[in-house]
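Notes to accompany the following structure.
The values are calculated or read from the model by the stated rules, or taken from the named source; none is laboratory data. This one's a predicted model, so the numbers in the text were calculated from it and none came from an experiment. Neighbour counts run over all protein chains shown; Cβ positions are idealised from the backbone, glycine included. These accessible areas exclude ligands, DNA and RNA; they are computed on the full protein's heavy atoms, side chains included. Shrake-Rupley method; radii C 1.70, N 1.55, O 1.52, S 1.80 Å.
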Amino acid sequence: MEEASVARRVLEAFERAGVRKAFGLPGVHNLAFWRDAGPGTPEIVGVRHEQTAVYAADGLARASGGLGVALTTTGPGAANAAGAFGEAAA
């Protein structure tokens with residue numbers, strides 16, 4: 001039996017925490033999440049910008065009272081998410 005990847009384990013942990021949707025923009029550093037998503041993991045909703053991923057996750061968390069998950073890449077992807085993250089944190 002093949003052992004699950006780290007990405008699969010993270011997605012399963014999100015599912016156990018009640019996360020049903022995650023938002024993200026695929027890139028070289030996070031493609032494993034898309035590859036390993038499936039039954040027993042949250043649906044990943046693709047977006048066109050990292051800020052959108054964080055705003056969507058924040059909006060879902062505010063509306064549901066649950067966790068909001070945004071998947072971004074490193075470097076410019078993380079920098080693009082910073083403004084929306086600051087709004088969510090405030």
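Restricting attention to the stretch 57-90 and to residues that are in contact with a helix residue (DSSP H, G or I) (Cβ under 8 Å, 6 or more places away or on another chain) and polar (S, T, N, Q), the residue that is nearest to His29 (Cα to Cα) turns out to be Thr73. I'm checking my understanding of the structure. Among residues of the stretch 1-23 that are assigned to a loop (DSSP other than H, G, I, E, B) and open to solvent by less than 70 Å² (accessible area, probe 1.4 Å), which one is nearest to Ala79 (Cα to Cα)? Filtering the stretch 1-23 for residues that are assigned to a loop (DSSP other than H, G, I, E, B) and open to solvent by less than 70 Å² (accessible area, probe 1.4 Å), the one nearest to Ala79 (Cα to Cα) comes out as Val19.
Under the condition of being within 13 Å of the chain's Cα centre (by Cα) and acidic (Asp, Glu), the residues counted in the stretch 1-35 number 2.
Residues in the stretch 24-82 that are assigned to a helix (DSSP H, G or I), in contact (Cβ under 8 Å) with a residue 24 or more places away in the chain, open to solvent by 70 Å² or more (accessible area, probe 1.4 Å) and closer than 18 Å to Leu11 by Cβ: Arg35 alone. Every residue in the stretch 36-49 that is closer than 16 Å to Ala81 by Cβ and over 10 Å from the mean Cα position of the chain (by Cα), please. Passing the criteria: Val47, Arg48, His49.
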